[in-house]
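Here's the structure, in structure tokens; my notes come after.
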Amino acid sequence: MISDLLSMTVLVGILASGIRLATPYLYAAIGETFGQRSGVLNLGVDGQMLMGAFTAFYVAIKTGNLWLGILSAMVAGALMGLAMAFVTVNLHAEQGISGIGFYLFGLGLSDLLFQKLLGTVETVKGFPKIQIPFLSDIPVVGEIFFRQNVLVYIAFALVPVAWFILNKTTLGLKIRAVGENPEAADSLGVSVARIRYFTIILGGTLSGVAGASMSIALVNVFQQNMTSGLGFIAVALVYFGAWRPWGVLAGALLFSLVNSLQLWIQVLGIPIPSDIAVMMPYILTILVLVATVSRVRAPSALTKPFERGD
């Protein structure tokens, strides 16, 4: 049975589904990268994803418009990001604890809304696969990369866009300055509060899209706690990627491919205990983080509140 994993059909399937499964990790982790580069750690990503997932699914199933569902998920995530920004920037709350609070809020509210507004598991016709002309016809490569839904393409396109913004624009310079030395940035006329508000709200918006990519593009259903801690993995991927979009992409692909592998192991009925298979991605994440985090340097002001006059 293990030899089945080495067949071309299965290998292509593992790689294609790995690319697809990387989508929510990329949206959430890229958004979190912006926030952490400005000095704010948001552990509420999973709660924002759950709210985005439910909002997108509910709007899509009621209106039949998937893009309206995406827009509603962006709004839900942005509102949670705005609340997080107020608590951390204005009230100087401890970021780790407040983030956990927002996670629990999103978890509880999405569950409550699901029970009151839907009550049972329903399905929605999600985003269809888009085959890129000519490229999708390339043997093996075309099936893996160029037969995905639109949210997958946007997620991967987001990586170079995020890299360009952070490294080649004035806005990116301000974000990095605020995350490294907010006092110096403030002395040069950069509004630390505005920059952090912007990055936290942006992170919340992308987390909302990450949740929507699950409920109306990947599995096309909404279930209670359907993220199962994926938002925390996204936060870990920012550390794994050393706060760089390309590093985040590498981490997202690594995790999603291992996740895809364990799913195929269960589908093929390979005699590996299902609990062990499910644990594989998380074990790998822990091992990789242990091996890499000590070798990279976090933004100097990460988790440190800033107040003018300090």
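The values are calculated or read from the model by the stated rules, or taken from the named source; none is laboratory data. The shown structure was predicted, so the numbers you read here are calculated from the model rather than taken from an experiment. Don't worry about glycine lacking a Cβ; one is built from the backbone with ideal geometry, like all the others, and counts go over all protein chains shown.
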| remark: Of the candidates Ile130, Ile144, Ile100, the one satisfying the condition of being part of a strand (DSSP E or B) and surrounded by 12 or more Cβ atoms within 10 Å (Cβ to Cβ) is Ile130
| request: Could you list, in sequence order, all residues of the range 248-286 that are farther than 22 Å from Ala234 by Cα, free of Cβ contacts under 8 Å to residues at least 60 places away in the same chain, assigned to a helix (DSSP H, G or I) and of a type in the set (Val, Ile, Thr)? | output: Val267
| task | Return the total of residues in the range 171-229 being of a type in the set (Gly, Ala, Ser) and without any contact (Cβ under 8 Å) to a residue 24 or more places away in the chain. | result | 8
| query | Based on what the data block shows, is Leu113 surrounded by fewer than 15 Cβ atoms within 10 Å (Cβ to Cβ) and touching a residue at least 12 places away in the same chain (Cβ under 8 Å)? | reply | no
| task | Go through the residues of the range 67-79 one by one and say whether even a single one is touching an Asp or Glu at 6+ places or on another chain (Cβ under 7 Å) and part of a helix (DSSP H, G or I). | result | no
| request: Considering only the range 140-164, state which residues are under 23 Å from Arg297 (Cβ atoms) and in contact (Cβ under 8 Å) with a residue 12 or more places away in the chain. | output: Val159, Ala162, Trp163
| request: State yes or no: is Glu143 among the charged types (D, E, K, R) and within 24 Å of Gly69 (Cα to Cα)? | output: no
| request: Search the range 196-238 for residues being crowded, with 21+ Cβ neighbours inside 10 Å and aromatic (Phe, Trp, Tyr), and hand back the single one that is modelled with the lowest pLDDT. | output: Phe222
| message | Let me confirm something: among Val59, Val45, Val87, which residue is without any contact (Cβ under 8 Å) to a residue 40 or more places away in the chain and crowded, with 22+ Cβ neighbours inside 10 Å? | response | Val59
